[in-house]
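J.: My questions all concern the structure below.
Computed from the coordinates by the stated procedures, all read-outs in this text should not be read as laboratory data. Because the structure is a prediction, the values reported are computed rather than measured. FYI the Cβ positions are ideal-geometry reconstructions off the backbone, even for glycines, and counts take in every protein chain you see.
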Amino acid sequence: MGNCIYCNESAGFLRKSHQECEAKHSLGWAQMLTLATQAALGSKSTDRLDAQLREVAVESRVPEARLREAIIQGWERAVEHFLEDGKLDRAEEHQLAEYKNRFAFSQSEADRNGAYSRMVKGATLRDLLDGRLPERVVVEGHLPFNFRKTEKLIWLFPDTEYLEDRKRREFVGATHGASIRIARGFYYRVGAFRGRPIEKTETVRLARGILCVTNQHLYYSGGAKNFRIRHDKIVSIQPFEDGVTIQRDTQTAKPQTFITADGWFTYNLLMNVSYL
Ligand SMILES: [Zn+2]
């Protein structure tokens with residue numbers, strides 16, 4: 001005979017909990033997440049959140065240790081909600097920062113499922129779309145690149161695969177040598193990238209390394225492959241689910257593919273950075 005993990009009374013033969021206790025617990029937990037999400041979104045004040053969560057937790061027999069979990073999950077949900085349109089406006093960013101500071105959770109807690117990174121990416125794209133230089137990346141350690149004096153680091157993809165096509169391939173939209181760049185503010189939603197994998201049949205994987213984007217160039221460093229490309233030398237960028245393929249403006253240039261794991265962000269970043 002075991003005792004119910006919620007109320008500690010006898011639960012019956014081979015049972016860990018009462019059905020009723022289980023249902024009450026799930027309902028309470030869902031309610032706690034809703035409360036935390038509303039506070040993180042700013043639709044409710046954070047002042048009473050702690051007390052409210054405690055109240056529901058006691059009532060539904062949710063262990064006290066789960067309070068912090070609810071608070072962080074609420075924040076993660078708010079990030080996803082604000083980023084549904086892909087961009088994070090100034091007020092939304094401010095709101096998320098306030099909540100995060102109020103409940104003092106660390107960057108690694110905030111990023112355990114990547115929500116913190118997505119927030120910074122959303123804010124970086126907003127800066128670019130507004131024509132401002134994003135200054136949101138701090139590099140720990142030394143970068144293998146020599147930037148020019150006026151050059152500013154915008155983003156870094158630390159683990160990027162580099163591939164080249166075996167042969168030159170005609171690009172849709174660039175076959176007449178015309179630039180397909182559109183005015184600043186061009187922006188692709190996250191959904192547009194799902195299920196568009198890079199065609200790897202004709203490409204060769206050449207390196208794994210760091211891709212770095214500044215206001216002037218794209219830099220790559222991985223093994224024997226070290227180069228930089230000026231943004232205005234790129235005539236087309238093809239987005240994929242996990243990366244982008246770029247085509248430079250020379251007749252002989254082969255398409256170059258970077259697998260950054262985030263095609264949506266890489267594409268929007270490169271499309272808009274050259275308008276700074
Ligand atoms: Zn019970």
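J.: Do any of K225/K254; K152/K254; K149/K254 go past 18 Å between their Cα atoms, and which?
T.: Among K225/K254; K152/K254; K149/K254, the Cα-Cα distance tops 18 Å for K152/K254; K149/K254.
J.: Right, another one. With everything on Cα atoms, drop me the angle between helix 49-60 and the longest principal axis of the chain, reported from 0 to 90° to the nearest 10.
T.: Approximately 50 degrees, to the nearest 10.
J.: Additional query: Put +1 on the Cβ of each Lys and Arg and -1 on the Cβ of each Asp and Glu in the chain; which of S17, L35, A224 then has its Cα farthest toward the positive end of the dipole?
T.: Of the options given, the answer is A224.
J.: Using the per-residue mean of other Cβ atoms lying within 10 Å as a proxy for protection, in what order, highest first, do the peptides 56-64, 142-150 fall?
T.: The packing order, highest mean first, is 56-64, 142-150.
J.: Straight-line reach from K100: which lysines have a Cα under 22 Å away, not including same-chain ones fewer than 8 places off?
T.: Excluding near neighbours in sequence, the set is K44, K87, K121.
J.: Okay, next question. Please give me the summed charge of the neighbours of W29: other residues whose Cβ is under 12 Å from its Cβ, Lys and Arg +1, Asp and Glu -1.
T.: Neighbourhood net charge equals 0.
J.: For K16, go through the lysines and keep the ones whose alpha-carbon is under 23 Å away, minus same-chain ones fewer than eight residues off.
T.: Leaving aside lysines fewer than 8 places away in the same chain, those within reach of K16 are K24.
J.: Here's a follow-up. Take peptides 102-109, 73-80 and line them up by average Cβ neighbours within 10 Å, highest first, as a rough protection proxy.
T.: 73-80, 102-109
J.: Same structure again: Which of the three applies to the chain, rounded, prolate or oblate, going by the alpha-carbon gyration tensor with a ≥ b ≥ c and a/c under 1.5 meaning rounded?
T.: The shape class here is prolate.
J.: Something else now. Among 43-50, 219-226, what's the highest-first ranking by average C-beta atoms within 10 angstrom per residue?
T.: 219-226, 43-50
J.: If one takes the longest principal axis of the Cα atoms in the chain, at what angle in degrees, from 0 to 90 and to the nearest 10, does the Cα axis of helix 115-129 lie?
T.: Taking Cα atoms only, the helix is inclined about 40 degrees.
J.: Would you mind checking the tilt of helix 90-102 against the longest principal axis of the Cα atoms of the chain, expressed as 0 to 90 degrees and rounded to 10?
T.: With rounding to tens, the tilt is 50 degrees.
J.: Summing -39500 (n - 2.57) over the DSSP H runs of n ≥ 4 in the chain and dividing by its residue number, what mean residue ellipticity at 222 nm do you reach, to the nearest 500 deg cm²/dmol?
T.: -11000 deg cm²/dmol
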